[in-house]
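This is the structure, below, for whatever I ask next.
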Amino acid sequence: MSETLLACRDCGQLHRAADALLPGHRLACVRCGSSLSRYPPIPLDAALALAATMLILFLLANVYPIFVVSLEGRAGQDLLISGPLRLSEYGGPFAGLGMLVAGLSFVVPIAWMCLVVSVLAGLRWGDRALHARFAPLWKTALLLYPWGMLDVYLLGTYVAYTRLAQSVETTVATGGYALGALVLVQALLVLTVGQQRVWDLIADPRRFAPRPGEPWIACEVCQLVAAVPAPDMPHAAQRCPRCASRLEPRRRGSLAATLALTTAGTILYLPANLLPVMTLVRFGRVGTYTILGGVEELLLLGLWPLALLVFFASIVVPMAKLISLAWFLHMIRRRSGRWLRQRTRLYRLIDFVGRWSNIDVFMVSILAASLQFGLLTAVDPEPGIVSFAAVVALTMLASTTFDPRLMWDAGEGDAA
Ligand SMILES: [Zn+2]
Ligand SMILES: [Zn+2]
């Protein structure tokens, strides 16, 4: 029986698994406990059907309004693209924010869906000999995935909708239902596709397995364990034979980049929380809101579950990310071996939840787009939201550049 080699992406531990890849089985790393590989027990055709459904739902979510607002006989509507268009009218940094929102809620999701459909359809119907050609497409899809934020956008829409419903008549429209269904289908797709299964269909990892005793290296992108290329080999040989990513023992420049991004995020955290993020004009009365002010407003309206959610996503999560990353860097510097498992788990958690901090960015964009009734009722974005979006983006980049295996490397000699 041929065995499959698996290297843990969190601590670098190598595993030899004989029957590793049985459908439905989950393997955990013996050293840090992280999940290694999982083959969902559902055929890939199901994932392909879900991906195709997503494209149709995305079309509906773009053509029809997400919700309709009406005030004193005048009506406004919110399309997926309304927010970015409205923000671009303000110019300057707000136009940049508009582009960010358009990227996260429109460009990246549609690109991701097209890539997933092409790869799955290609593996389903394409010539087996040509499967390797899908490697760059699948690599791009995995890279884009965390930046496609329709799920976060949906929650932002819900918060915006709930706040609007307090002052104007608001109705969910076809686009809103399509967006809700889309997020559900996407969650099912991510659960059923099995990214490692797709990689193994693109190219069987056993073809590239190092001989026993030969030094090995794990590809960070496709998790392939391959023989270490000799330093005098040509440039192309220094790349992963499956996905062509650079083969490096650890992410290069990880610590310096994480430190720089974390520092920048910490500096911007203050203006992001102290400056107002939006102005709300309601029947001639003008109120400005900070991030915390928005949470207070939700509390005053009696919407405490929503207030708690926004408080966690907007205030607790970015701060927890900055503190955790600073702690990881400090522990690596001290070459400490304490709490390695806990630190690894915390790293995966902050890396996973970080994107949800964008709820407020989307909410301000949606409110600005849909509430434009002149002096009567209108929302304008304020500079705080630009700093806030920058903090979220910087902390996401910081946790992406951080290589958790460095914590294990540094703590190796430490008995504690
Ligand atoms: Zn591990
Ligand atoms: Zn690779």
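The values are calculated or read from the model by the stated rules, or taken from the named source; none is laboratory data. If you're wondering where the values come from, they're calculated on a predicted model, not measured in any experiment. Here the Cβ is made from the backbone with ideal geometry for all residues, glycine too, and neighbour counts use every protein chain on show.
Residues in region 194-212: is at least one under 18 Å from the mean Cα position of the chain (by Cα) and away from ligand 2 (no atom under 16 Å from the Cβ)?
Scanning region 194-212 turns up at least one residue that is under 18 Å from the mean Cα position of the chain (by Cα) and away from ligand 2 (no atom under 16 Å from the Cβ).
Go through region 94-169 and tell me which helices (runs of 4 or more DSSP H), entirely inside it, have 1 or more residues that are small (Gly, Ala, Ser) and surrounded by fewer than 18 Cβ atoms within 10 Å (Cβ to Cβ). Before the answer, list the steps.
On the way: elements: 108-125, 135-144, 150-164.
Result: 108-125.
When you go through (1) modelled with pLDDT under 95; (2) touching a helix residue (DSSP H, G or I) at 6+ places or on another chain (Cβ under 8 Å); (3) in a helix (DSSP H, G or I); (4) not basic (Lys, Arg) one by one for PHE352, which number turns out not to apply?
(2)
Pairs needed: first member in region 6-24, within 17 Å of LEU201 (Cα to Cα) and in a strand (DSSP E or B); second member anywhere, within 13 Å of ligand 1 (Cβ to nearest atom) and at pLDDT below 90; C-beta distance under 6 Å; at least 6 residues apart or different chains.
LEU6/HIS15; LEU6/LEU36; LEU6/SER37
So the check is Cβ under 9 Å with 6+ separation or different chains; which pairs have a first residue in region 109-134 that's more than 11 Å from ALA51 (Cα to Cα) and a second one that's part of a helix (DSSP H, G or I) and of a type in the set (Ser, Thr, Tyr)?
From region 109-134, the pairs are PRO109/TYR153; ALA111/THR140; PHE134/SER118.
Separate question: Would you check which residues across region 332-349 are surrounded by fewer than 20 Cβ atoms within 10 Å (Cβ to Cβ) and in a helix (DSSP H, G or I) and list them? Outline the logic, then answer.
From region 332-349, those surrounded by fewer than 20 Cβ atoms within 10 Å (Cβ to Cβ) are 333-339, 341-342, 345-346, 348-349; that's our starting set.
Selection gives ARG333, ARG341, GLN342, ARG345, LEU346, ARG348, LEU349.
Here's another thing I want to ask about it. Outside any loop (DSSP other than H, G, I, E, B) and surrounded by 20 or more Cβ atoms within 10 Å (Cβ to Cβ): does that describe VAL183?
Details: outside any loop (DSSP other than H, G, I, E, B): yes; surrounded by 20 or more Cβ atoms within 10 Å (Cβ to Cβ): no.
Against the criterion (outside any loop (DSSP other than H, G, I, E, B) and surrounded by 20 or more Cβ atoms within 10 Å (Cβ to Cβ)), VAL183 does not qualify.
Also, I was wondering about something else. Give me the residue from region 213-262 that is surrounded by 15 or more Cβ atoms within 10 Å (Cβ to Cβ) and β-branched (Val, Ile, Thr) and, out of that set, nearest to THR395 (Cα to Cα).
So, considering only residues that are surrounded by 15 or more Cβ atoms within 10 Å (Cβ to Cβ) and β-branched (Val, Ile, Thr), the one nearest to THR395 (Cα to Cα) is THR262.
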